[in-house]
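Visitor: The following block contains the structure, expressed as structure tokens.
The values are calculated or read from the model by the stated rules, or taken from the named source; none is laboratory data. In this text the structure is predicted, and so the values were computed from the model without any measurement. Please note: Cβ atoms are built from the backbone with ideal geometry, for glycine as well, and neighbour counts cover all protein chains shown.
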């Protein structure tokens, strides 16, 4: 991942349902640097503090996957990749929402 890929991601995300406001949670990864980057008007970036994996939706999804992954063995890396792809493909939108529906964000939203 690099800054150019991140910028292209934001651009394409912006073009998907362009009238919809999107909030993208970012951490302090180097490629999340927005210096000299034009952020589309329908995207708001929400930077989380360092060392707060509980606020990072990606970390929450990985934790969910890792709980189902541990104590499994695979013959090779390809088998592991196949399992991971099938597992992620089988996750419903409701499951993902339940994993990333962070009460910290909801409390901040409703406090306004």
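Visitor: Only residues in the range 5-23 that are at positive phi and free of Cβ contacts under 8 Å to residues at least 60 places away in the same chain count as the first member; pair them with residues that are surrounded by 13 or more Cβ atoms within 10 Å (Cβ to Cβ) and in a helix (DSSP H, G or I), Cβ under 9 angstrom, at least 6 apart or cross-chain, and list the lot.
Guide: none
Rundown of residues vs (1) within 26 Å of residue 87 (Cα to Cα); (2) exposed (fewer than 13 other Cβ atoms within 10 Å of the Cβ), yes/no style:
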position	(1), (2)
9	yes, no
30	no, yes
34	no, no
50	no, yes
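Visitor: Check whether at least one residue in the range 63-77 is touching a helix residue (DSSP H, G or I) at 6+ places or on another chain (Cβ under 6 Å) and without any contact (Cβ under 8 Å) to a residue 40 or more places away in the chain, and report yes or no.
Guide: So the first thing to find is which residues in the range 63-77 are touching a helix residue (DSSP H, G or I) at 6+ places or on another chain (Cβ under 6 Å), and the list is 64, 74.
Next, from what is left, pick out any that are without any contact (Cβ under 8 Å) to a residue 40 or more places away in the chain: 64, 74.
Checked against the condition, which is being touching a helix residue (DSSP H, G or I) at 6+ places or on another chain (Cβ under 6 Å) and without any contact (Cβ under 8 Å) to a residue 40 or more places away in the chain, the range 63-77 yields at least one hit.
Visitor: Only one of 59, 20 is closer than 26 Å to residue 107 by Cα and under 14 Å from the mean Cα position of the chain (by Cα); which?
Guide: Working: 20 fails: under 14 Å from the mean Cα position of the chain (by Cα).
Only one candidate passes the filter, namely 59.
Visitor: Still on this structure: Please specify each residue of the range 26-84 satisfying the condition of being part of a helix (DSSP H, G or I), at pLDDT 85 or above and not assigned by TED's automatic domain parsing to the domain that holds residue 98.
Guide: none
Visitor: Just checking, which of 42, 28 is in contact (Cβ under 8 Å) with a residue 24 or more places away in the chain and either in contact with a strand residue (DSSP E or B) (Cβ under 6 Å, 6 or more places away or on another chain) or within 26 Å of residue 107 (Cα to Cα) (or both)?
Guide: Numbers: 28 fails: in contact (Cβ under 8 Å) with a residue 24 or more places away in the chain.
Matching residue, one of 42, 28: 42.
Visitor: Please state which of the following conditions residue 99 fails to meet, knowing it meets all the rest: (1) modelled with pLDDT under 85; (2) surrounded by 14 or more Cβ atoms within 10 Å (Cβ to Cβ); (3) over 14 Å from residue 10 (Cβ atoms).
Guide: Going through the list (1) modelled with pLDDT under 85; (2) surrounded by 14 or more Cβ atoms within 10 Å (Cβ to Cβ); (3) over 14 Å from residue 10 (Cβ atoms), residue 99 breaks only (1).
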